[in-house]
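K.L.:
Structure below; questions to follow.
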Amino acid sequence: MTPQATAAPRLGVHVLADVTDVADPACFDPAFLVDAFHDALREAGTTVRRTLVEEFTPHGTSVMVVLAESHASLHTWPERRTMLIDAFTCGPVSPLPVVEKFAAKLGDCRVEVTRVDRGSGGPEH
């Protein structure tokens, strides 16, 4: 009889969100984005370690945040009224509230979320 391999518990959860039809152009201001993203991350229970902000010409901003729990990023296309969010966490903190809390700060918008369990594909060691 061969021993059965059991799936390892997941290592983390990855959430990808497309935020479209953002009604308020002021939401694309880089200072607003950083403050609102940091607030949403903290309200969701994550711990911000470092942040990198890159502004693009003629428009658009990327915000990359290293978390104690892993990472989160935000990329904007103001000309398309679109923001894309990537949040990955390990441990008990879910990344989904990051998206929910951030989107609530934007006002009128549309949000589509994809959730992926990560690191659960191999057997336990």
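K.L.:
Give me the one-decimal nm value for the distance between modelled label points at W77 and C90, 7 Å along each residue's Cα-to-Cβ direction.
P.N.:
Taking the two extended label points, one gets 3.2 nm.
K.L.:
For a footprinting-style exposure proxy, rank L106, L52, L84 by other Cβ within 10 Å, fewest first. Before the final figure, lay out each step's value.
P.N.:
Values: L106 19, L52 10, L84 15.
Ordered from fewest to most neighbouring Cβ atoms within 10 Å, L106, L52, L84 come out as L52, L84, L106.
K.L.:
At 0.36 nm per residue, minus the direct Cα-Cα distance, what do R118 and E54 gain on full extension? Give it in nm, one decimal, please.
P.N.:
Working: separation 64, 0.36 × 64 = 23.04 nm, distance 2.76 nm.
My answer for the length gained is 20.3 nm.
K.L.:
Determine the gain in length on full extension of the stretch M64-D21; use 0.36 nm per residue of separation and subtract their C-alpha separation, reporting nm with one decimal. Walk me through the numbers on the way to the answer.
P.N.:
Working: separation 43, 0.36 × 43 = 15.48 nm, distance 2.22 nm.
Contour length minus Cα-Cα distance gives 13.3 nm.
K.L.:
Which of T46, T61, T82 comes first, and how do the rest follow, when ranked by fewest Cβ neighbours within 10 Å? Don't jump to the answer; show the numbers that get you there.
P.N.:
On the way: T46 24, T61 21, T82 18.
In order of increasing Cβ crowding within 10 Å: T82, T61, T46.
K.L.:
Rounded to the nearest 500 deg cm²/dmol, what is the calculated helix-only ellipticity per residue at 222 nm for the chain, with -39500 (n - 2.57) per DSSP H run of length n ≥ 4? The partial results should precede the final answer.
P.N.:
Numbers: 2 runs with 25 residues, N = 125.
Computed mean residue ellipticity for the chain: -6500 deg cm²/dmol.
K.L.:
A further question on this structure: Nearest 10 degrees is fine. How inclined is helix 30-43 to the longest principal axis of the chain, computing both from alpha carbons?
P.N.:
So the helix axis and the longest Cα principal axis differ by about 40 degrees.
Read-outs: derived from the displayed coordinates by stated rules, not from any lab. Just so you know, these numbers come straight off a predicted model, no measurement behind them. For neighbour counting, all protein chains shown are included, and Cβ atoms are generated from backbone atoms with ideal geometry for every residue, glycine included.
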